[in-house]
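Taking it in order: structure first as structure tokens, then the write-up.
The values are calculated or read from the model by the stated rules, or taken from the named source; none is laboratory data. Computed from a predicted structure; not experimentally measured. Keep in mind that these areas ignore ligands, DNA and RNA; they rest on the heavy atoms of the full protein, side chains included. Shrake-Rupley method; radii C 1.70, N 1.55, O 1.52, S 1.80 Å.
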Amino acid sequence: MKIALGSDHAGFHYKEKVKKFLEESCLEVIDCGTFAADPPVDYPDYIRPAALLVAQGKADRAIVFGGSGNGEAMVANKVKGIRCAYCFNEESARLGRLHNDANAISMGERLISEEMALKIVKIFLETPFEGGRHIQRIKKMMDYENV
């Protein structure tokens, strides 16, 4: 599995921790930056490229980080084909995959612990999409991109 990462300066440290975790798990990582914790940087400059890699089929999933994770999720979700779940605990990650077939997640370094961030990543990577009744709902959601 190939994972695209992106962060602003406020999410840089968690991006680096997750990058190490993914590499130690023998997953391929594409790091879209930022490459330092020095502020300020504009998060869209790093989040959009990570989301585009997934939308273009060059990565399987994206994980993006910021101070809160809110703006990062918003930017990722502007990319056609992306379903980025804002994750703040284990259940939000599990349901993002199980019910919404999330292909990206966003987390806020200022809002959750490093331990929680790593748990969220693990769940995001291991939880399958449930399918069934959720397929129709996702199709409707994706159809909105064509309006």
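Can you spot the lysines whose alpha carbon is less than 18 Å from Lys2's alpha carbon? Ignore those fewer than 8 places along the same chain.
Lys15, Lys17, Lys19, Lys20, Lys58, Lys122
Please compute the length gained on full extension between Tyr144 and Lys58, using 0.36 nm multiplied by the number of residues separating them and subtracting their Cα-Cα distance.
So the extension gain works out to 28.6 nm.
Contact order normalised by length for the chain, with contacts defined as Cα pairs under 8 Å and 6 or more residues apart; what percent is it?
23
Once fully extended, how much extra length lies between Arg133 and Glu28, figured as 0.36 nm per residue of separation less the alpha-carbon to alpha-carbon distance?
34.6 nm
Averaged per residue, what accessible surface does the chain expose to a 1.4 Å probe, in Å²?
Accessible surface, normalised per residue, equals 51 Å².
Can you classify the chain as rounded, prolate or oblate using the Cα gyration tensor, where a ≥ b ≥ c are the square roots of its eigenvalues, rounded means a/c under 1.5, and otherwise it's prolate if a/b beats b/c and oblate if not?
prolate
For segment 41-147, which whole-number percentage of the solvent-accessible area (1.4 Å probe, protein heavy atoms only) is attributable to carbon and sulfur atoms?
That share works out to 53 percent.
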